[in-house]
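To start, the structure itself, in structure tokens.
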Amino acid sequence: MSTLQEGRISVVLGSQWGDEGKGKLSDILCAEADICARCAGGNNAGHTIVVNDVKYDFHMLPSGLINPNCIALIGNGVVVHLPSFFEEKAKLEAKGLNCEGRLLLSDRAHLVFDLHQKVDGLKEIELGRGSIGTTGKGIGPTYSSKASRSGIRVHHLFEFEEFSARFRTMVENKRKRYGNFEYDVEGELERYKELAERVRPYVIDTVPYLYEQIKAGKRILVEGANALMLDIDFGTYPYVTSSNTSVGGVCTGLGVPPSKISNIIGVVKAYCTRVGGGPFPTEQLNEIGEHLQTVGFEFGVTTGRKRRCGWLDLVVLKYSTMINGYTSFNLTKLDILDQLPTIKVAVAYNLNGKKLTSFPSDLDLLEKVEVEYVELPGWMTDISKCKKYEDLPENTKKYIEFIEKETGVPIEWIGVGAGREDMIHKPVSN
């Protein structure tokens, strides 16, 4: 049975702090998808997909572009830096992907300018020791412009006089806030006059388009960006991104009804990582953390920053499941645990001898929790050649089954290596 259903939407979401490996599952599922859509974030995201030993890096564009029969759609909830849009497209085409006629952009999407990227850096300086550790891509300032109703959308490009007036006002307001910083307003306007014509063929009203595609029975895959613990409402605020990375962001970021969503697949790294500042209860600042970082090659696709590493946290995963209602999990990078004789899994947070009932909203409180672990035996075997669930060592299966039992969510996909082919499918019975 196909994972994707006709006339329905399937969603792939990060369930931890991002970098779980969503791109590979999206790539696999896109083989049977008619449309692959992005609904939130911008070019601060990063997916790496390896196909036939060729490595493709995706930041803003949907990874469905690897399938020559799949339409890639960027929804209204995404914030778009047009120079990066065309740069990423050019890099993918240089590696043999043909994007022409298969890439659509919502006319309601907000534009990220170099101005926003400059402001991103100024905000981090202003925050000082309390800085968030952003990617510096201007994502937060663009969502701020959107929320304050001073943003500029894609459709504004095509009325250039109005666009210019809006843009000048935006720059003027930022200078009032951050001082008279250097910025070539006229040069930027000239650049966007040219970009407006370049982007015009890709721009459509995606709301009626998706409505008609669903009605026609097309299979739609939504590729989430970032992850639940970076959600503006439900993540470790303020150490979060600026959009809704939860399943709710699918509806608002694409203009689709929740009744059309069928599968919600949560991608779970077999251990935990996060980039930038913020609390991380299971972080291991020791040889275990070093092992996970080195063997797992934990560097950010977008920034190149070293990722912080720690044990799998089921408190996070249960909380994430409460919000997103996962129908199944994709457990990734399980092979990185191959050489560990003992594996720990966080099962509870305790504070003053009392067990917390969920992931706390108060970060000061979170800093004080004691993490309760369960120790499981490792398998000390290379699992990268395993092709079926039955091929996995018994202790590997026990690790998988422990996660399933604790969360109540079946693990349908298991990643045992970097390549597209290194994914075991364990069918879920409905």
When the Debye formula is applied to the Cα atoms of the stretch 74-233, each taken as the same point scatterer, what base-10 log of I(q)/I(0) results at q = 0.08, 0.09, 0.10, 0.13 Å⁻¹? -0.27, -0.35, -0.43, -0.72
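At a threshold of 8 angstrom on Cα-Cα distance, excluding pairs fewer than six apart, so keeping six or more, what relative contact order does the stretch 277-430 reach in percent? Could the numbers behind the result be given before it?
Values: 234 pairs, mean separation 38.1, N = 154.
Reported relative contact order: 25 percent.
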Sequence of Asp57, Asp422 from largest to smallest accessible area, 1.4 Å probe: Asp57, Asp422
Alpha-carbon Rg with Dmax, taken over the stretch 1-106, Å: 13.0, 41
If Rh is defined by the Kirkwood formula over all Cα pairs and Rg also comes from Cα, what ratio Rg/Rh do you get for the chain? 0.97
Taking only Cα atoms and a 10 Å spring cutoff, compute GNM fluctuations for the chain and point out the largest among Thr273, Thr357, Thr236. Thr357
Scoring the chain by relative contact order with C-alpha pairs under 8 Å, at least six apart, yields a percentage of 20 percent
How large is the charge dipole for the stretch 210-310, taken about the Cα centre, if only the Cβ atoms of Lys, Arg (+1) and Asp, Glu (-1) carry charge, to the nearest 20 debye? 320 debye
Helix 206-215 versus the longest principal axis of the chain: what angle, 0 to 90°, nearest 10, using Cα atoms? 50 degrees
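What relative contact order, as a whole-number percentage, does the stretch 97-233 give when Cα pairs under 8 Å and 6 or more residues apart are counted?
On the way: 96 pairs, mean separation 40.1, N = 137.
The value is 29 percent.
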Using only the Cα atoms of the stretch 179-283, what do you get for the radius of gyration and for Dmax, in Å? 19.2, 53
Inter-label distance for Thr294 and Asn69, nm, one decimal - labels placed 7 Å from Cα along Cα-to-Cβ: 4.5 nm
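Carbon and sulfur atoms: what percent of the 1.4 Å accessible area of the chain do they account for?
Details: 9000 of 18100 Å².
Carbon-and-sulfur percentage of accessible area, whole number: 50.
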Rounded to the angstrom and largest first, Cα extents along the principal axes for the stretch 328-370 equal 35, 27, 16
Among the stretch 27-58, those whose backbone N falls under 19 Å of a label point 7 Å along Cα→Cβ from Thr252 are 38-45
Compute the signed sum of charges (Lys and Arg +1, Asp and Glu -1) over the other residues within less than 11 Å, Cβ to Cβ, of Gly417. 0
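Assuming 0.890 mPa s and 25 °C, estimate D for the stretch 47-113 with Stokes-Einstein, Rh taken as the Kirkwood radius over Cα pairs, in µm²/s. Spell out each step's value before the answer.
Numbers: Rh = 12.4 Å.
Once the numbers are plugged in, D ends up at 198 µm²/s.
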Considering only protein heavy atoms, what per residue accessible area in square angstrom results for the chain with a 1.4 angstrom probe? 42 Å²
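Could you sort His156, His59, His425 by accessible area so the largest value comes first, with the probe set to 1.4 Å?
His425, His59, His156
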Taking a 1.4 Å probe, which of Phe299, Phe329 shows the most accessible area, and what order do the others take after it? Phe299, Phe329
Taking every alpha carbon pair in the stretch 291-430 and sorting the distances into 10 angstrom bins from 0 up to the bin holding the longest one, the percent per bin comes out as 10, 36, 37, 15, 1
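Please compute the Kirkwood hydrodynamic radius over the stretch 264-322, one decimal place, Å, based on all pairs of different Cα atoms.
Averaging 1/r across every pair of different Cα atoms and inverting gives 12.2 Å.
So if I take the alpha carbon set of the stretch 357-413, get Rg, then get Rh from the Kirkwood formula, what is the Rg over Rh ratio? Write out the running numbers ahead of the final one.
Values: Rg = 15.9 Å, Rh = 14.2 Å.
Here Rg/Rh amounts to 1.12.
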What's log10 of I(q)/I(0) for the stretch 9-57 at q = 0.16, 0.18, 0.29 Å⁻¹, Debye sum over Cα points only, no solvent? -0.49, -0.62, -1.38
Extending each Cα 7 Å along its Cβ direction at Glu197 and Ser262, get the distance between those two points in nm, one decimal. 4.5 nm
Between Ser164 and Glu394, what's the calculated FRET efficiency when r is the beta-carbon distance and R0 is 56 Å? Round to 0.05. 0.25
Under unit Cβ charges (Lys, Arg +1; Asp, Glu -1), what dipole magnitude, rounded to 20 debye, does the chain have relative to its Cα centre? 600 debye
Please list the non-local residues whose amide H lies under 5 Å from the amide H of Val203, H modeled 1.01 Å from N, same-chain partners needing a gap of 5 or more. Leu105
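The values are calculated or read from the model by the stated rules, or taken from the named source; none is laboratory data. Predicted model only: the values in this text are computed from it and were never measured. As a convention, Cβ positions derive from the backbone with ideal geometry for all residues, glycine included, and neighbour counts pool all protein chains shown. Calculation scope for accessible area: heavy atoms of the full protein, side chains included, ligands and nucleic acids excluded. Shrake-Rupley method; radii C 1.70, N 1.55, O 1.52, S 1.80 Å.
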